[in-house]
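Here's the structure, in structure tokens; my notes come after.
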Amino acid sequence: MTRCLVNPLCLFLLVWGVSTTLYAGGVYHGLFPFPAGLTVASVLLNVVAFSLGCLTWTLFRGLHPTPAEMPPVAGRPLTAEALVRGLRVTLAMGVVALALEIYRVVTIAEHFATTWLDLVTHPELFRIRMVAFIDQSLFQTSATVMLLSIASSLFSIGFVLLGVLLYLDHKRRRYFYVGAFLTISLVIGLIHLSRYEVTSNILYLVLAYCFMSSLDRSEHGVSAHFTLQASHFKLIAPVVAVVLLFGLIDALLHKSSEYDASNRLQGWLFHFYWYAAAPLAAFNEFLATFRGDHQWGQSMFLPLYKWLCRFQLATEVEVSFYGEKVLVPYMSNVYTYLRNFYEDFGILGVAIVPYILGGATAAVRVQARRHLQFLNLYLVLLLFILFSFYNYYVASNQVYLQVLFGFLFFRYEMPGTQRAALLPLYRDSST
């Protein structure tokens, strides 16, 4: 199962298979309107294009004349001490991000002529104010926002390091780092009443752990499978943290009461179904109302477009960072990543971009086995795939900064796939 989660093609087919099945079930039971032919064609083209991208790269790699076995590489070895040093720095960046989030609450309160206490004690009003504040300042250059993006991106890299350490290290210190990272992330999520960033960070941790597990298991037989399977209990705390955050925010914003369910538990469960199935219904509505004014990259490369506007190289336009709202029949403001592709380049974008994404992810996967910075990039691409049924994951500066800082500051050579290559790190971490 872990190998499937970190295999781009398996993950993509799993994500879109589940999402499409749930959406089709909603259509069958009359919850969603019947999809238009263009919607069905876009989804099928997306799946076929991504699969062909992965398979094309795999085919050309198989035809490459060099041997399949990767030669040894020179570079700084990834040791337990290197991981801990990185975790200390990224944890400090998490503290900085938390302080900046608190400062932003005060700034939003001043902007709307109220107090931070009034915002904190009225979660629904605070959510509305924050969305309005972000939309209004989308094209403005703010030192606070820039520092927050830098600190948050480094904090996210810490979750990648934490996933690697959690798999390889056997000291008790790993529990301290897991607790510290999860606590700061949960507090940040509660401050701006958002589950998205917290869930993303925890997924970095889980996928990094699964990636290390898949490397080790690839050289082992059935007997080792049960030992590694038992070790997956280390992931219980991160999973519980996600469930806890969803429960707390639901209690604050009363999300589960919006779906006409007979009781709160059913509303809470339907909430998860809605998150998985509604984006395709919203995308269907988008295609039905799209006027044909293609953006030619403005939607897909919004961070770059904002910087062009700041340097007066492009004209500012009205952009809703959280998307337009549509009733299908309940409110939704996410349209899958297909909206960005179609909005920019039409059906051609739906065909080409997933194909490039499939090939690029398959190519980066090989380098991720050797270099920590590529593992960081690979996990960003996996989250791009994982959230593809929901929205366009790389829509903010923070994701690009995470990749950039990974290549600037975390250039380490990963332990090899052979057990012998892993042993020095095991000895290091258990002494």
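Rundown of residues vs (1) farther than 30 Å from residue 174 by Cβ; (2) out of contact with any Lys or Arg (no Cβ under 8 Å at 6 or more places or on another chain); (3) among the polar types (S, T, N, Q), yes/no style:
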| residue | (1), (2), (3) |
| --- | --- |
| 93 | no, yes, no |
| 108 | yes, no, no |
| 121 | yes, yes, yes |
| 133 | yes, yes, no |
| 148 | no, no, no |
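Looking for something modelled with pLDDT of 90 or more and touching a His at 6+ places or on another chain (Cβ under 8 Å) - is there at least one such residue anywhere in the range 328-344? Within the range 328-344, one or more residues are modelled with pLDDT of 90 or more and touching a His at 6+ places or on another chain (Cβ under 8 Å). Close contacts from the range 94-117, counting a first residue that is closer than 25 Å to residue 180 by Cα and at pLDDT 85 or above and a second that is surrounded by 17 or more Cβ atoms within 10 Å (Cβ to Cβ) and of a type outside the set (A, V, I, L, M, F, W, C), with Cβ to Cβ under 6 Å and a gap of 6+ residues or different chains, come to 97/152.
In the range 69-87 there is at least one residue that is in a helix (DSSP H, G or I), surrounded by 14 or more Cβ atoms within 10 Å (Cβ to Cβ), at pLDDT 95 or above and out of contact with any strand residue (DSSP E or B) (no Cβ under 6 Å at 6 or more places or on another chain).
For the range 248-287, a residue qualifies if it is among the acidic types (Asp, Glu), out of contact with any helix residue (DSSP H, G or I) (no Cβ under 6 Å at 6 or more places or on another chain) and in a helix (DSSP H, G or I), and the qualifying residues are 258, 285. Check whether at least one residue in the range 231-247 is polar (S, T, N, Q) and at pLDDT below 85, and report yes or no. Yes; the residues of the range 231-247 include at least one that is polar (S, T, N, Q) and at pLDDT below 85.
Only one residue in 195, 129 is under 19 Å from residue 235 (Cβ atoms) and at pLDDT below 95, so which one is that?
195
Note on the range 144-164: residues that are polar (S, T, N, Q) and either more than 8 Å from residue 402 (Cα to Cα) or in contact with a Gly (Cβ under 6 Å, 6 or more places away or on another chain) (or both) total 3.
Residues considered: 293, 250, 260. Of these, the only one that is modelled with pLDDT under 90, over 16 Å from residue 32 (Cα atoms), surrounded by fewer than 19 Cβ atoms within 10 Å (Cβ to Cβ) and in contact with a Gly (Cβ under 9 Å, 6 or more places away or on another chain) is 250. Here the helices (runs of 4 or more DSSP H) wholly within the range 303-412 that include at least 2 residues being within 13 Å of the chain's Cα centre (by Cα) and of a type in the set (Phe, Trp, Tyr) are 372-386. If you check 183, 121, 144, 114 for being in contact with a Phe, Trp or Tyr (Cβ under 8 Å, 6 or more places away or on another chain) and of a type in the set (Val, Ile, Thr), only one passes: 144.
The rows are residues; the columns are (1) closer than 13 Å to residue 200 by Cβ; (2) out of contact with any Phe, Trp or Tyr (no Cβ under 6 Å at 6 or more places or on another chain).
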position: 358; (1), (2): no, no
position: 362; (1), (2): no, no
position: 369; (1), (2): no, yes
position: 391; (1), (2): yes, yes
position: 400; (1), (2): no, yes
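Taking the range 213-229, which residues are among the hydrophobic types (A, V, I, L, M, F, W, C) and either at pLDDT 90 or above or farther than 18 Å from residue 370 by Cβ (or both)? Before you say what the answer is, go through the steps one by one.
Step one: filter the range 213-229 for residues among the hydrophobic types (A, V, I, L, M, F, W, C), giving 215, 222, 224, 226, 228.
Within the range 213-229, 222, 224, 226, 228 meet the criteria.
Yes or no, residue by residue, for (1) over 25 Å from residue 368 (Cβ atoms); (2) at pLDDT 95 or above; (3) out of contact with any helix residue (DSSP H, G or I) (no Cβ under 8 Å at 6 or more places or on another chain):
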position	(1), (2), (3)
2	no, no, no
13	no, yes, no
37	yes, yes, yes
41	yes, yes, no
44	yes, yes, yes
51	no, yes, no
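Screening residue 190 with (1) farther than 29 Å from residue 120 by Cα; (2) modelled with pLDDT under 95; (3) surrounded by 15 or more Cβ atoms within 10 Å (Cβ to Cβ) gives one miss only, at (1). Filter the range 28-42 for residues that are assigned to a helix (DSSP H, G or I), out of contact with any Leu (no Cβ under 7 Å at 6 or more places or on another chain) and touching a residue at least 12 places away in the same chain (Cβ under 8 Å) and give the result. Answer for the range 28-42, where residues must be assigned to a helix (DSSP H, G or I), out of contact with any Leu (no Cβ under 7 Å at 6 or more places or on another chain) and touching a residue at least 12 places away in the same chain (Cβ under 8 Å): just 41.
None of 395, 351 is of a type in the set (A, V, I, L, M) and either in contact with a Pro (Cβ under 9 Å, 6 or more places away or on another chain) or more than 18 Å from residue 51 (Cα to Cα) (or both) except 395.
The values are calculated or read from the model by the stated rules, or taken from the named source; none is laboratory data. What you see is a predicted model; the values in this text were computed from it and never measured. Quick reminder, even Gly has a Cβ in these numbers, built from the backbone with ideal geometry, and neighbours come from all protein chains shown.
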